[in-house]
Amino acid sequence: MNNSVGNTGRVLWAGLRALLVLTLVCGVLYPLAVTGAAQLAFPGRANGSEIEDASGKTVGSELIGQRYDLPLEDGEETPAPDLRWFQPRPSNGLGTNSVNTQYSIILSGATNRSGDNAELIRWVKDAKAAVVEDNSTAGHRVEPSDVPADAVTSSGSGLDPHISPEYAKLQVRRVAERNKLDVAAVEKLVADHTDGRVLGFIGEPRVNVLELNIALKALVTEG
């Protein structure tokens, strides 16, 4: 009986010591070591790839998309897009931001609709009509055939921060008109903020909407 109690006590004490040691190593020392190495080697990425505006304020992350909407009016359930800015891909998961610090993530996820789903088809048709209407100007009408796929569909995560160069270029005339800027100047802004394929062959060329809108704000301020 005494031997049994003694053996049980030794086993429990050994288990407790193992728990304390593993907690210290895996729960304290390892996270501190990984965090310290990340801060030394990749401080920007370790801190969330934050983006600052011209005044030095953090306005978001280069990894998370943002919406650019007008304030909700009485009776509205969905805010209208603020057409002074370049618009991101459609998504219900992006927090509202007008190049300021009020950014928040609501949800993440795809539509989970099949390609022949009637609701998805209606969403795409409505989105295409809106893109055509919003981006057509007095001297330039956008044709439905000009609208790229990313202008009317969300990404798998719903939080994609990038749009295609084609969608950015489609918005140039509208942005220039709304901000009283020269079209050529806005076209150059898009070209300067277009990133090529990773390592020259991975993925597709892309434009980070937040970075582009920060540059647009600076251009408007200068003008």
Total residues in the stretch 167-190, condition surrounded by fewer than 19 Cβ atoms within 10 Å (Cβ to Cβ) and either of a type in the set (S, T, N, Q) or farther than 18 Å from residue 85 by Cβ (or both): 2
Give, as residue ranges, the helices (runs of 4 or more DSSP H) completely inside the stretch 1-90 that count at least 2 residues that are of a type in the set (Asp, Glu) and surrounded by 11 or more Cβ atoms within 10 Å (Cβ to Cβ). none
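Working only within the stretch 197-219, note down all residues that are surrounded by 14 or more Cβ atoms within 10 Å (Cβ to Cβ) and of a type in the set (A, V, I, L, M, F, W, C). Before the answer, list the steps.
Filtering the stretch 197-219 for residues surrounded by 14 or more Cβ atoms within 10 Å (Cβ to Cβ) gives 206-219.
Selection gives 207, 209, 210, 212, 214, 215, 216, 218, 219.
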Could we say that residue 64 is in contact with a Gly (Cβ under 6 Å, 6 or more places away or on another chain) and in contact (Cβ under 8 Å) with a residue 40 or more places away in the chain here? no
Over the stretch 110-127, the set of residues touching a residue at least 12 places away in the same chain (Cβ under 8 Å), among the small types (Gly, Ala, Ser) and more than 14 Å from residue 156 (Cβ to Cβ) is 127
Exactly one of 150, 160, 126 is farther than 14 Å from residue 209 by Cβ and at pLDDT below 95, and that one is 126
Within the stretch 50-75, work out how many residues are among the small types (Gly, Ala, Ser) and more than 11 Å from the chain's Cα centre (by Cα). 4
Of the residues 143, 187, which single one is touching a helix residue (DSSP H, G or I) at 6+ places or on another chain (Cβ under 8 Å) and without any contact (Cβ under 8 Å) to a residue 12 or more places away in the chain? 143
Helices (runs of 4 or more DSSP H) within the stretch 126-210 that include 1 or more residues touching a His at 6+ places or on another chain (Cβ under 8 Å) and basic (Lys, Arg): 172-179
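The values are calculated or read from the model by the stated rules, or taken from the named source; none is laboratory data. Computed from a predicted model, the values in this text were never measured in an experiment. When we count neighbours, we look across all protein chains shown, and the Cβ atoms used for this are built from the backbone with ideal geometry, even at glycine.
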